[in-house]
Amino acid sequence: MTPRWIRRGSVIAVAVAGLVAEPKAQGPSTGSAKSAAAKSAWVPYRTPWGDPDLQGYFTNKDEQGVPLERPAEFAGRATVSDEEFAARQAQAQKQLSTDNEEFDASTADTTNAGAVGSATSPPPHWLDRGKPSRRTSRIVDPPDGRIPTMTPEGQRRAAMRAAPRFGNRPPSSYLDGGLYDRCITRGLPGSMMPAVYGNSYQIVQGQGYVAIRYEMIHETRVIPIETNPHVSPALRSYMGDARGHWEGSSLVVETTNFRSETAYQGANASALRLIERFTPVAENRVEWSVTVDDPTTWTRPWTFEVDLTRDGSQPVMEYACHEGNYAMTNILTAARTAEADGK
C-alpha cells in the first residue's frame, strides 16, 4: 500500500526545519476516541510516536459564506432547510458562472475602485469559492448563535475603538493602518478564518510539536505539546503563547499572552484565553472549534466552529504581501498630496 503521507502529497519536512518526521501508514488505533471526537466513528491514523495524525493541506473555503453570528431570519435554527440549501446551491452555481465569464477591463465597473471585478482589481475568478454550507452561523454556543452580551468594561473598550481611525479620516502615518493592511499578521484566530482568497493551511507534526502554516500573511505557528505553564505575562506576541495537549483524538490548544493589537473581537489582551480543538471527524475533515474566554469583556465564554477540509490540490502558495503592498504607499501619497493642496 502506498504510504498515506505520500498519497496526501505532504511536503512536511520543509515547513519546520528539523521538526517533522515522516509519518508511516498505520491502521486505526484500538483505543476509543474521547471528548469531541466521540461523536464520530472515524479514528485517525497515528504518527510513528503514537499521536493522532492531523497532517496535510487543508482549506476552509467551504465555510466562507457562513456568518459568524446567526441572522435573525434563522433564529432558533442551527442549519437551513432543504429548500433554503437548494437556493444556496443555485446561487453558488450562478456565482461560479459569473466568475468564469471573460473579463474586460475597458467595460468593468469603475465606481468602486479596488473591489473585486472592478477595473482596478483582478477578475473575480481568482477568488476562493467553496461549496454551500447548511450552517446558519459559525457560533454554536450560546445556542442562539450570537456573541454574548458585553460587560460594562467591554462596552467602554468598544466605545473607544469606535473613535475615528484609519479608513474614515486621512492617514497621518503608516501606523494608522491595521496589522493586516501592513502585511504583518491577521492574529489568532483570524489567521484561520475564511477570507476572500488564501484559504490554504498546512498542519505538520513532530514529536512534541504541531505546526500550522497559514497561506495568507504566510505565518507559521509552532505549538508545543506540553503541560508547562505559559510564559511570563510580560512576554506578549501577535499570535500569543500556545500550549497543546491531546484529549483522545482531539488536539486541544490554549493560547494566552496576546498583544492588544491582536486581541480577538476587541477582547482584553491580559484576560483573553482562546481554547482551540482540532478534532478529526472523517478521513478528510477536521472540525476546528474555538472557545473565546474573557470574563472582563463578555458575560460568558462563547464558541464557534469551522470545518477544515483536507485537500492536496490546495497547497500553501507564496504570499508576497509586502512585495505587492502598494496600498499603503498610494494611500499615504494621496494623503500628503491632499494636505499640500490644503484639502
Give the value in nm², to one decimal: projected area of the alpha carbon convex hull of segment 193-343, averaged over all directions.
12.8
Could you compute the FRET efficiency for GLU283 and ALA327, with r as their C-beta to C-beta distance and R0 at 35 Å, rounded to 0.05?
0.30
Give me the distance in nm between label points sitting 7 Å out from Cα along the Cα-to-Cβ direction at THR303 and LYS94, one decimal.
3.6
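Counting Lys and Arg as +1 and Asp and Glu as -1, what is the net charge of the other residues whose Cβ lies under 15 Å from the Cβ of VAL66?
Charge balance in the 15 Å sphere: +1.
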Given 176-187, 223-234, the highest-first ranking by average Cβ count within 10 Å works out to 176-187, 223-234
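Read-outs: derived from the displayed coordinates by stated rules, not from any lab. Since this is a predicted model, take the numbers as computed values, not measurements. With ideal geometry, Cβ positions are generated from the backbone for all residues, glycine too; neighbour counts draw on all protein chains shown.
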